[in-house]
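The values are calculated or read from the model by the stated rules, or taken from the named source; none is laboratory data. Just so it is clear, the structure is predicted and the values come from calculations on it, not from any experiment. Positions of Cβ are backbone-derived with ideal geometry, glycine not excepted, and every protein chain shown enters the neighbour counts.
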């Protein structure tokens, strides 16, 4: 008997299929490309592709467009041109940034006109040489201006601070713009328009409030409310501050009654002082009148509005003018009640916004005729726009106007944006000169007496008498 021995099968070897049974098809070892699916669209590109795009973007940012290079370099030079008054580092940096912002449309137009241009070495050298010549000359001119104004020289730390502030603001603005763009909520025209509007409002608020300090609550401060404290020479001082619910007529009546009660009508001179929008009266003017007339003068004023001067000038001019007319009428009524031989000389005084509101006494038909008959003289100090009395009143009332040559409140006009100012002795550039005058507004109270919008006690010497 023959025995057949079958080979031993290893345990890991799969069993052979039986004849007639189903068997899987042989596997193809060749890899087939898979079709892209919806989930593949969000995958990042290969690292080499990302690196190439990043390098190309950096190279594009590092390549200066010739229009960008030239226009922004010129903007920096124009922003650093000396103005009529010395500026602090913050104000000077603000001027440079404003000129750079105004030059941005020129940059955008040039880049759109020549999109593929790039600054060459020759242009880079030319711009560098121009800056190397212009900037030192501007530094020397600015230091001479500070010396002529009576201020100490600034030194290298000042210019370093200006450079740091400008650079930091530019980098911050670029970071904000980039972040907003990436967030998908950036609208170019609307965003830039909003930024420009905010800039105008901030500069306007700083400019108009810089030369009109607002009195702080509490005890009277001789530097803020000089008429609320006693006179060291025995002159009469009367000041009517605002009270809740009080009308302008009632406040003027209270001031006039206090003037009579203090014996003010028995002095030879009565000066009605029209304050700024916040109710501030220049203490150097009070000092000047009392130095000139001694105890033989009475000064009276009242607070017409309780808002900052720029708000009163732009939005509450009617209330400020009405307050000036009410105070004049109340004081004139008390003086006219006296016999003609006993009446004191009536003078009107106004500085800055007070000069503008005091002028309304002669411009309004309700008080113009009486003012021309009863007022001895007027003194306007730093009047906005340099305006004095109406022509019909100058023949009957003595008038004096005191204005510093570098006072931007007096010499700045809106049409100076495109038309040179006739009373300016400095070089004029369209738009740039107006920006500089706006900066002078902010700095006009931070300069020595006799410059800018600061007037000392000698202003009272210009008041005519009868």
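Observations
- Residue match in region 230-243 (condition: more than 21 Å from residue 456 (Cα to Cα), without any contact (Cβ under 8 Å) to a residue 12 or more places away in the chain and in the same structural domain as residue 357 (by TED's automatic domain parsing)): yes
- Considered as a group, the residues in region 428-466 that are free of Cβ contacts under 8 Å to residues at least 60 places away in the same chain and in contact with a helix residue (DSSP H, G or I) (Cβ under 8 Å, 6 or more places away or on another chain) include one that is surrounded by the fewest Cβ atoms within 10 Å (Cβ to Cβ), and that residue is 430.
- Residue 163 being touching a residue at least 60 places away in the same chain (Cβ under 8 Å), surrounded by 11 or more Cβ atoms within 10 Å (Cβ to Cβ) and under 28 Å from residue 443 (Cβ atoms): no
- Being under 24 Å from the mean Cα position of the chain (by Cα), in contact (Cβ under 8 Å) with a residue 40 or more places away in the chain, over 16 Å from residue 279 (Cβ atoms) and outside any strand (DSSP E or B) is not true of residue 338.
- Residues that are buried (at least 23 other Cβ atoms within 10 Å of the Cβ) and farther than 18 Å from residue 330 by Cα within region 341-355 comprise 351, 352, 353, 355, listed in sequence order.
- Restricting 284, 307, 329 to those that are assigned to a loop (DSSP other than H, G, I, E, B) and either touching a helix residue (DSSP H, G or I) at 6+ places or on another chain (Cβ under 9 Å) or closer than 21 Å to residue 268 by Cα (or both) reduces the list to 307.
- Of all residues in region 344-356, one or more are assigned by TED's automatic domain parsing to the domain that holds residue 263, closer than 15 Å to residue 256 by Cα, at pLDDT 95 or above and in a loop (DSSP other than H, G, I, E, B).
- Index of the failed condition, residue 403 passing every other in (1) in contact (Cβ under 8 Å) with a residue 24 or more places away in the chain; (2) touching a helix residue (DSSP H, G or I) at 6+ places or on another chain (Cβ under 9 Å): (1)
- Hey, residue 85 closer than 15 Å to residue 162 by Cα and not in a helix (DSSP H, G or I) or not: no
- Test: residue in region 269-290 that is in contact (Cβ under 8 Å) with a residue 24 or more places away in the chain, over 18 Å from residue 380 (Cα atoms) and surrounded by fewer than 21 Cβ atoms within 10 Å (Cβ to Cβ): no
- Test: residue 400 is part of a helix (DSSP H, G or I), closer than 17 Å to residue 462 by Cα and at pLDDT 90 or above: no
- As a summary of the residue check, residue 244 satisfies the conditions (1) within 36 Å of the chain's Cα centre (by Cα); (2) modelled with pLDDT of 90 or more; (3) under 27 Å from residue 363 (Cβ atoms) except for the one numbered (3).
- Residues that are modelled with pLDDT of 90 or more and surrounded by 14 or more Cβ atoms within 10 Å (Cβ to Cβ), drawn from region 136-159: 138, 139, 142, 143, 145, 146, 151, 158, 159
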